[in-house]
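> This is the structure I want to talk about, given as structure tokens.
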Amino acid sequence: MLKRFLSERPLRLPHIKPYVPRPSDPAIFWFNSERDDIVSDVVSRICTEHESDPSRLELALNDAAFHEIRRLEKQRDEEARDRLGYWRSMIRRIGKMDDTEQRRVLHTIVTNMARDVAGNFDPRVYRFARRAVPRLIGGVMEPRRLTQDLMATSPEALGRVLKAQGDLEHLRHLQNRGSLVFVPTHSSNLDSIVLAQALEISGLPPVIYGAGKNLFTNPIISFFMHNLGAYRVDRRIRVSLYKEVLKLYSQVMIERGYHSLFFPGGTRSRSGMIERHLKLGLLGSAVEAFTTNQVRRIDRPVWFVPTTINYALVLEAETLVRDWLTEEGQARYIIEDDEFSQIDRWIAFFRKVVGLRGACIIRFGEPIDPFGNAIDGGGQSVTPTGRVIDPGGYVEHRGKAVPDPTRDAAYTRELGEVLAERYERETVLMSTQVVAHVLFRHLVQSTPGMDLFARLRLRGEIRVERETVCRELGDTRDRLRELENRGRVRTSEVVKEDSPIELLDRALNFWNGYHDSTAADLEGDRVVLRDPSLLLYYQNRLVPFAEEIADPEQLEAACEIEKLGVYR
Amino acid sequence: MSLRIGVVGAGGFGRAIALASARNGQEVTLWSRKERALPEPIRTSTDMTSIRDCEVVFVAVPARHAAPVAEQLGEVVDGSHLIVHISRGLVGGELKTLTQVIREKTVCRRIGALAGPLVADALAEGRPSGAILGTGFPELTAMVREAIGGSGLRIYDTRDVVGVELASATVGFLTVVIGYAQETGAAPGTLAVLATRGMVEMSRVGKTLGAEESTFMGLAGLGDLIAAVAGDQRPELRLGRALARGSNLETAIGELGAYVEGFEVAKHLLEHARRNGLETPISSTFVAMSEGRMSPNDAIQALMERRVGTE
């Protein structure tokens, strides 16, 4: 009961005096004063679109009722008891409703959906969060520093663990000139928290983002999510209208200049590989936001920031890879019982990463316009040779900006390909990933002809001389450096600077004591491959580069590894 | 209001596109490296900036010249330009399509590939024919139809751009195979098997590169191959016949007086197939035979002895 209450009506702080945003405040500070307008804009556009075609209107109502009845019948909870009656009665009446009645029902349904999606932004919660969250996380990581960190202007523990990279000055410069859309890779439920911190420490603006409704069931997380501008996404709802509401809400926010964040991969990368096939729905909403502004002659550019979130240790690695490896897992979109929901795993995770330099690197890539062009210092789109071009030209037909959803869908598909290519280039390979790759390649090499699942069963059976591992690590690192010099990928400072022995020890240290079973450990002078599934997960980040970083005698194994990429 | 059409390249296809567009009442500017004379009202220029004001630009240059020409074009066009290329080739060992090359060298995104049984002379004269345009942008299809379509040319469209480009490149190679077989007196049934099974094996290779297999069986693939075999005077057919008469590959290509892209493309496609574990018996055997690594008798025997499966 309380859980449902909190997830549907998250707590808000009472307002004694309304906050009047200052001109220097980020766009999101204006959100509360615009929220009703945004909701009615979304409702009005969707209703107008459906009302123009009576058969489409009836289809939308039938679709909504059918999917909601199906969902609620399966749920059999309190929400089902409350709402099932409404939808069952509606589906019986749709055919008998006249046009006016159908429009009224549509308006009600869409309004309820849009209100449920729309978030809240409370500057007081924002200020509290930006001061307290880094300190609390730091405190969990290093309890003995908690008092010092609470007093310090900039808490140290988090700073040691989290690094932000990229041309931050350029992004800071652009933030007041258009809408920034951060589109990161997605590995963990920690991503949005970590990214929010990276934006904060980089002097970049807060962003709005969609958060799964399942996250709103925890009252504390729900309170922060709801009051920091997050909009709620209920992935259980399959209704087409709901998807339209979500897309349009995101679009309207971007049109109005709110900086946004969404994960084009859709869900966390189960395999640990760099995402290749991106979901284009929300990406398309950002492209359409640009078009709509152009058609309305509003000069507010939309820029995408391809971002990679790189962890040396992934909180939910075991569950994710297990999911990837089982057919059941492929279809399991929302995981509610993973390490993210276990507070002891959070603490173990943070304690593990502290003291191990460079546990998480957020890399902000070069911003691009919706058509993949670079942006110069003045916020203008430029060709590869530096010639300034007008991005408005892309949505013009015979000299006039016109809406064209099919054209924009084609642009979105191309943008998806550009982002996937940028993800590879902007990925920062971490110590655990490089070490896991060398060990896993060794496993493949020493078990010719064996299939993947048979290899994964070889827990603790493969031992490699530590010296051999270090030699191969050194060679692999040299080849990665060459790739890095050619701009194909990036490596962390640790990977660049540590000796192979240090690199190996660091990776073993990360794994030991956090995961239920460690990925590998030392037994005398030999490295024992304890959990090939975990090694597979961490090494998967290097799949696109496997052939290029292999010795001639490792080439066959590398080709096998690269073929794993078809499942990306 | 007439469309402003740009044509880059003054070879057979470039001139044909320019003439067809002018016949449809469009305003045409043709760019070429050397001075060319075309009938009024077609404007010709050796200055790429003359293309800047065009709305739709047809790129009609052989694949091997595509990159430098696209680079020049890239200096004058922007996102408002719509580009269509007419080339049956691919670029380099990475099997880059012309669409990819244009995308890399220019900032244009609304790009399409025009292919199928298009013959330059027929297009120039307005004789009935058909073509296929691969593009994700319906507005580009509409404008190309307006520019050169009409009663003389039916232009179908597909979103499978890479399929159109690969199928088209494949036809160049299979035409050589058919030419060879014709010269050796192969029966019509043999030619049909070579054409259809050859296209099937290449469509499998295409699929791994993102193409749809069905595109190979449409106008861009089999449709174009039928036109080639029916005698539209393609140099590839003559190359195949010369090889069958005993010429070696280099001499035969040298004597053609035309650049044939199909053979090189096939070698790259076959290398890709090998790396991906795909079987391409007809194409691999023919390449081996043309390069003197296999005798014609051994080649036929090798093909006929293969296990027959379900189609």
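> What is the P(r) of the protein assembly as shown, as percent of Cα-Cα pairs per 20 Å bin from 0?
13, 38, 36, 12, 0
> If you put +1 on each Lys and Arg Cβ and -1 on each Asp and Glu Cβ, how big is the dipole of the stretch B:193-239 around its Cα centre, in Debye rounded to 20?
The calculated dipole for the stretch B:193-239 is roughly 120 debye.
> Still on this structure, I have one more. Output the residues of the stretch A:394-435 meeting this criterion: accessible area (heavy atoms, 1.4 Å probe) in the chain alone minus accessible area with all protein chains in place is 10 Å² or greater.
Checking the loss per residue gives A:394, A:396, A:397, A:398, A:404, A:406, A:407, A:410, A:411, A:413, A:414, A:418.
> With everything on Cα atoms, drop me the angle between helix A:240-255 and the longest principal axis of chain A, reported from 0 to 90° to the nearest 10.
80 degrees
> Separate question: Nearest 20 debye, what's the magnitude of the dipole of the stretch B:4-158 about its Cα centre given +1 on Lys and Arg Cβ and -1 on Asp and Glu Cβ?
Dipole about the Cα centre, nearest 20: 320 debye.
> OK, next. Two decimals is fine: what is log10 I(q)/I(0) at q = 0.10, 0.11 Å⁻¹ for chain B, from a Debye sum with one equal scatterer on every Cα and no solvent?
Debye output, listed in q order: -0.54, -0.65.
> Let me ask something else about it. Mind checking which lysines have their Cα closer than 29 Å to the Cα of residue A:496? Skip sequence neighbours fewer than 8 apart in that chain.
Of all the lysines, those that pass the test against residue A:496 - Cα under 29 Å, at least 8 places apart if same chain - are A:163, A:352, A:563.
> Name the residues whose placed amide hydrogens come within less than 5 Å of the amide hydrogen of residue A:490, ignoring near sequence neighbours (fewer than 5 apart) on the same chain.
Under 5 Å from the amide H of residue A:490 lie the amide H atoms of A:427, A:429, each far enough along the sequence or on another chain.
> Taking θ as phi - 60°, what are the ³J(HN,Hα) couplings along the stretch A:401-413 by the Karplus curve (6.51, -1.76, 1.60), each to the nearest whole Hz, with x for Gly and Pro?
So the J values, rounded to whole Hz, are 5, 9, x, 7, x, 5, 4, 5, 5, 5, 4, 5, 4.
> When the accessible area of the stretch A:208-296 is computed with all protein chains present and a 1.4 Å probe, what percentage of it is carbon and sulfur?
55 percent
> Could you sort A:99, A:521, B:53 by accessible area so the largest value comes first, with the probe set to 1.4 Å?
B:53, A:99, A:521
> Relative to the first principal axis of the alpha-carbon coordinates of chain A, what is the inclination of helix A:31-51, with its axis defined by its Cα atoms, in degrees from 0 to 90 and to the nearest 10?
So the inclination is approximately 70 degrees.
> In square angstrom, rounded to the nearest 10, how much accessible surface does residue A:400 have for a 1.4 Å probe?
My reading of the accessible area for residue A:400 is about 130 Å².
> Moving to a separate point now. Expressed as a whole percentage, what fraction of the accessible surface of the stretch A:428-567 belongs to carbon and sulfur atoms when a 1.4 Å probe is rolled over the protein heavy atoms?
Carbon plus sulfur share of accessible area: 45 percent.
> When the Karplus curve 6.51 cos²θ - 1.76 cosθ + 1.60 is applied with θ = phi - 60°, which whole-Hz ³J(HN,Hα) does each residue of the stretch A:543-558 get, with x for Gly and Pro?
3, x, 10, 3, 5, 6, 10, 9, 6, x, 6, 9, 4, 4, 5, 5
> What shape does the stretch A:235-282 have by the C-alpha gyration tensor, where a ≥ b ≥ c are the square roots of the eigenvalues, rounded means a/c under 1.5, and otherwise prolate means a/b greater than b/c and oblate the rest?
Details: a/c = 2.92, a/b = 1.41, b/c = 2.08.
Oblate, since a/c reaches 1.5 and b/c is not below a/b.
> Just reorder A:68, A:396 by solvent-accessible area, largest first, 1.4 Å probe, all chains present.
A:396, A:68
> Related question: For the protein assembly as shown, give the magnitude of the charge dipole about the Cα centre (Cβ charges: +1 Lys/Arg, -1 Asp/Glu; no others), in debye to the nearest 20.
Working: 114 positive and 118 negative charges, 399 e Å.
Rounded to the nearest 20 debye, it is 1920 debye.
> What whole number of Å gives the distance from the Cα centroid of the stretch A:35-76 to the Cα centroid of the stretch A:476-537?
50 Å
> Could you tell me whether the stretch A:193-280 comes out rounded, prolate or oblate from its Cα gyration tensor? Rule is a ≥ b ≥ c as square roots of the eigenvalues, rounded for a/c under 1.5, then prolate if a/b exceeds b/c, otherwise oblate.
Judged from the Cα gyration tensor, the stretch A:193-280 comes out rounded (a/c under 1.5).
> Is the shape of the stretch B:4-158 rounded, prolate or oblate, going by the alpha carbon gyration tensor and its root eigenvalues a ≥ b ≥ c, with a/c under 1.5 for rounded and a/b larger than b/c for prolate?
Details: a/c = 1.41, a/b = 1.13, b/c = 1.24.
Rounded shape, in that the Cα axes give a/c under 1.5.
> Along the stretch B:162-172, what does the Karplus equation 6.51 cos²θ - 1.76 cosθ + 1.60 (θ = phi - 60°) give for ³J(HN,Hα), rounded to whole Hz, x for Gly and Pro?
Those phi angles translate into 5, x, 4, 5, 6, 4, 5, 5, 5, 4, x Hz.
> Please state, to two decimals, what the Cα-based radius of gyration of the stretch A:27-117 comes to when divided by 2.2 N^0.38 Å (N = residues).
1.22
> Turning to a different aspect of this structure: Would you work out which of B:79, A:119, B:220 lies farthest towards the positive end of the dipole of the protein assembly as shown, given +1 charges on the beta-carbon of Lys and Arg and -1 on that of Asp and Glu, about the Cα centre?
A:119
> Hey, which lysines would be in cross-link range of residue B:105, C-alpha to C-alpha under 24 Å, not counting anything within fewer than 8 residues on its own chain?
B:34, B:96
> Turning to a different aspect of this structure: With unit charges on the beta carbons (Lys and Arg positive, Asp and Glu negative) and the dipole taken about the Cα centre of the protein assembly as shown, which residue among B:208, B:116, A:176 sits farthest to the positive side?
It is A:176, whose Cα lies furthest towards the positive end.
> Take the Cα of residue A:52, step 7 Å along the line toward its Cβ, and report every residue of the stretch A:289-321 whose backbone nitrogen sits under 19 Å from that point.
A:289-297
> How far is the Cα center of the stretch A:376-425 from the Cα center of the stretch A:248-302, in Å?
With the stretch A:376-425 and the stretch A:248-302 each reduced to a Cα centre, they are spaced 13 Å.
> Also, I was wondering about something else. What figure in square angstrom, to the nearest 10, would you give for the accessible area of residue B:121 with a 1.4 Å probe?
Rounded to the nearest 10, the figure is 90 Å².
> Using modelled amide H (1.01 Å from N, peptide plane; none on Pro or chain starts), what sits under 5 Å from the amide H of residue B:84, excluding residues fewer than 5 places away?
Amide H neighbours of residue B:84, under 5 Å, 5+ apart: B:57, B:58, B:59, B:112.
> Enter the buried accessible area of the A/B pair, total of both sides, probe 1.4 Å, in Å² rounded to the nearest 100. Before the final figure, lay out the partial values.
On the way: alone 25370 and 14260 Å², together 37760 Å².
Chains A and B together bury roughly 1900 Å² of accessible area.
> Amide H to amide H, which residues 5 or more places from residue B:150 or on other chains are under 5 Å from it, using H placed in the peptide plane?
B:155
> When only the heavy atoms of the protein chains count and the probe is 1.4 Å, how do B:214, A:260 rank by accessible area, highest first?
Listed by decreasing accessible area, they come as B:214, A:260.
> Hey, can you find the accessible area per residue of the protein assembly as shown for me, probe 1.4 Å, expressed in square angstrom?
So the protein assembly as shown comes to 43 Å² accessible per residue, rounded to a whole number.
> Which angle from 0 to 90°, rounded to the nearest 10, does the C-alpha axis of helix A:78-93 make with the longest principal axis of chain A?
Roughly 50 degrees between the two axes.
> Among the lysines, which have Cα under 21 Å from the Cα of residue A:74 when same-chain residues fewer than 8 positions away are ignored?
The qualifying lysines are A:3, A:213, A:243.
> What accessible surface, in Å², does a 1.4 Å probe find on residue B:106, ignoring ligands, DNA and RNA and rounding to the nearest 10?
0 Å²
The values are calculated or read from the model by the stated rules, or taken from the named source; none is laboratory data. Keep in mind that what you see is a predicted model, and the values were worked out from it rather than measured. Don't worry about glycine lacking a Cβ; one is built from the backbone with ideal geometry, like all the others, and counts go over all protein chains shown. For the accessible areas, the whole protein counts, side chains as well, though only heavy atoms, and no ligand, DNA or RNA atoms are used. Shrake-Rupley method; radii C 1.70, N 1.55, O 1.52, S 1.80 Å.
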